[in-house]
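Input: a single structure, listed below in C-alpha cells.
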Amino acid sequence: MKTEVKRKVKKFEPAVKASPVEKKRRRKQDARAFGISSPYLLWMVLFTLIPLIFVVYYAFTDPSGHFTLNNVKTLVGMEGEVTNVIQTGTFIRLDFIKIFWRSMWYGVVATVICLVIAYPLAYFISQKAENRQNVIITLLMLPMWMNFILRTYALMKLLEDTGIINTALTKLGIPVIHMINTPFAVILGMVYNFLPYMILPIYSVMSKMDNSLIEAAQDLGCNRFKVFAKVILPLSMGGVVSGITMVFVPSVSTFYISQKLGGGTNELIGDVIERTFLTETNYNVGAAISLVLMVLIFICMAIMNRFSDDDGGGGIIV
C-alpha cells in the first residue's frame, strides 16, 4: 500500500531537468555502483543464469539435440504414472505425480512445524536484552556449523531401532518405537536441518520492530490478542514470508534426508532428479522434472509474496 501511494505521489511530481554537472555526477554514481556489484553479477550469470539456460535447453530437447515437448508431456500429461524410456533400453515406471504431491506435502508439513516453533521463539528472543539475544542466536546457529551430512547421520543414530533413544527406552522397560525409515523421520530431518532458516528472518524483523507501536496499541485499549493480530503479526509478515521461502524450497527439493531417514520407502522428487541425472544419465527427463518443480515453487512463492508488504524488510520478490 505504501509503495503504491509513493508511486502515485511520484507520478504527480514536476519533472526537473538535470544540469550537465548533475548528469555527470549521476553517471559516476552509476559507474561506481556497477563496479561494486559486478562480482555479484558475474557470480549470478555463471552459477544461476547459465545453469538455468542449460536446464531449459535439456528440458525441451531430445538426446540428439532436436526440439521436443515429449520430456515435459511425459510428466504432466500422464494420469498418475509414466513410463520413462531410458537410453539403455530399460523401462522404469515412476509415479511422478504421486512423488510430486508427497514432496509438496512433506515440504508444507515441515514448513508449518518450523513456523509454529520459530515464531514464538523469535519473539521471545527479540524481547531479551541485546547481549542475551546474541548468546541465544549463537546457540541456535551452533548446529549449523556442522556439516549437513553429519547432522543427518547424527539424527539417524538417534532414531534407529538400536539407536540412543530406543536404547534408553528399552532400559526403562518401554518397547522399541520404530522411527527410522518413516515419514515422521523424514519430516523431523527437514525440521531439524531447516528450522534456523525460519527463526533468523523472523527474529531479524521482530528485533527491528518499533515497540512504541505496541505500547500505543496497548494505551488505546487493545488486549494481547489484538496487539498481536493488529500490530505484531502485520509488521512481522515480511520475515514470515522469507522464512517460509527459505524452509519450503529446500524441503521440497531435498534428497539426502529422504534417502538416509526415509530408507528409500519415502522417495521425494529430489531423489528422482538425482537418480535420473547420476544413475540413468538421462539429462533431458531430469531437466524436465527440475523445470516443472522450479515452476511450481515459483508459483507458490509468488502466491506467498502477495501476502508480504514490500516495506516489511524481509520479503522475497519472485
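The values are calculated or read from the model by the stated rules, or taken from the named source; none is laboratory data. Predicted, not measured: the structure shown is a model, and the values here were computed from it. Cβ atoms come from the backbone with ideal geometry, glycine included; neighbour counts cover every protein chain shown. The accessibility values were calculated without ligands, DNA or RNA, using every heavy atom of the protein model including side chains. Shrake-Rupley method; radii C 1.70, N 1.55, O 1.52, S 1.80 Å.
From the residues in the range 234-259 that are open to solvent by 60 Å² or more (accessible area, probe 1.4 Å) and either among the basic types (Lys, Arg) or assigned to a helix (DSSP H, G or I) (or both), which one is nearest to Val109 (Cα to Cα)? Looking at the filtered set, the residue picked out is Met246. If you go through the range 24-39 one residue at a time, do you hit one that is open to solvent by 70 Å² or more (accessible area, probe 1.4 Å) and under 30 Å from Gly286 (Cα atoms)? No, the range 24-39 contains no residue that is open to solvent by 70 Å² or more (accessible area, probe 1.4 Å) and under 30 Å from Gly286 (Cα atoms).
Selection of helices (runs of 4 or more DSSP H) fully inside the range 144-229 by the criterion of at least 1 residues being hydroxyl-bearing (Ser, Thr, Tyr), in contact (Cβ under 8 Å) with a residue 12 or more places away in the chain and open to solvent by 80 Å² or more (accessible area, probe 1.4 Å) returns 148-159, 183-207.
Which of the residues spanning the range 262-280 are open to solvent by less than 10 Å² (accessible area, probe 1.4 Å) and either in a loop (DSSP other than H, G, I, E, B) or at pLDDT 90 or above (or both)? Answer for the range 262-280, where residues must be open to solvent by less than 10 Å² (accessible area, probe 1.4 Å) and either in a loop (DSSP other than H, G, I, E, B) or at pLDDT 90 or above (or both): just Leu268.
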